[in-house]
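See below for the structure under consideration.
The values are calculated or read from the model by the stated rules, or taken from the named source; none is laboratory data. Fair warning: this is a prediction, and the values are worked out from it, not measured in the lab. For neighbour counting, all protein chains shown are included, and Cβ atoms are generated from backbone atoms with ideal geometry for every residue, glycine included. Accessible surface is based on the protein model in full, side chains and every heavy atom, while ligands, DNA and RNA are left aside. Shrake-Rupley method; radii C 1.70, N 1.55, O 1.52, S 1.80 Å.
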Amino acid sequence: YVNLHLPAGERYSEIAMAWDCETRTARLLPSNGQRDYTQRRANEIVGTADVVVVDGSRVVVSDVKTGRGAREEAARNSGQLRFLALCAARVFGATDIEIELYHMDQDPDRSYPDRHTLDPFDLFDIEDEIDAIYREVKGGAQVPRSGPHCYGKWCPIAATCPATMAMLARIDEEAASGLPMVPTIENDE
């Protein structure tokens with residue numbers, strides 16, 4: 001296991017947490033193993049943190065990234081880490097929380113942590129972001145939007161996503177109208 005240079009304190013690994021979108025509360029999920037979300041309730045969003053360290057009021061949430069895409073995202077922009085930080089902050093009673101993406105490579109000289117601290121205002125903003133998305137989805141107003149997330153990250157429905165299919169059709173129409181493959185035949189010659 002990699003030494004992530006995390007602070008001393010109580011350590012949890014592969015810790016599953018849930019955020020209740022109706023009550024805006026978090027809880028630890030009972031687990032029978034990795035990524036066990038069988039105890040998820042109807043209005044909950046779930047996730048698993050690789051490592052959480054609790055040292056008094058200080059909490060650190062760390063996620064180890066390897067392979068393809070490991071260096072594509074900063075810790076402060078990681079939706080996954082921001083969500084897990086909110087859950088950990090509420091579960092463990094922290095007001096400030098440090099998030100870390102530990103980018104791991106086979107070459108130890110290319111492995112490094114990317115850290116960012118979230119304050120209480122950041123945590124409330126994350127709560128509001130999650131609430132807005134939840135309300136949009138619950139209200140049936142969620143419309144798929146194509147973008148860099150479609151091809152920059154793994155998406156299980158990329159091949160059948162209506163937004164992606166529409167975007168590809170537009171590209172195909174534009175290509176066909178702007179660059180005809182066969183010129184128009186105007187006479188017998």
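Across segment 130-145, the number of residues qualifying as of a type outside the set (Val, Ile, Thr), modelled with pLDDT of 70 or more and open to solvent by less than 70 Å² (accessible area, probe 1.4 Å) comes to 6.
Determine whether residue 56 is in contact (Cβ under 8 Å) with a residue 24 or more places away in the chain and over 20 Å from residue 16 (Cβ atoms).
yes
Looking only at residues of segment 67-97 that are at positive phi and in contact (Cβ under 8 Å) with a residue 12 or more places away in the chain, we find that the one that is least open to solvent (accessible area, probe 1.4 Å) is 69. Considering segment 48-61 alone, what residues qualify as being crowded, with 18+ Cβ neighbours inside 10 Å and either more than 16 Å from the chain's Cα centre (by Cα) or of a type in the set (A, V, I, L, M) (or both)? Listed by number, the residues that qualify are 49, 51, 52, 53, 54, 59, 60, 61. Pairs linking a residue in segment 118-129 that is farther than 10 Å from residue 89 by Cα and modelled with pLDDT of 95 or more to a residue that is among the aromatic types (Phe, Trp, Tyr) and crowded, with 17+ Cβ neighbours inside 10 Å, with Cβ atoms under 8 Å and 6 or more positions apart or on different chains, are 126/83. Take the conditions buried (at least 18 other Cβ atoms within 10 Å of the Cβ), β-branched (Val, Ile, Thr) and closer than 15 Å to residue 14 by Cα and apply them to residue 64. Does it pass? No.
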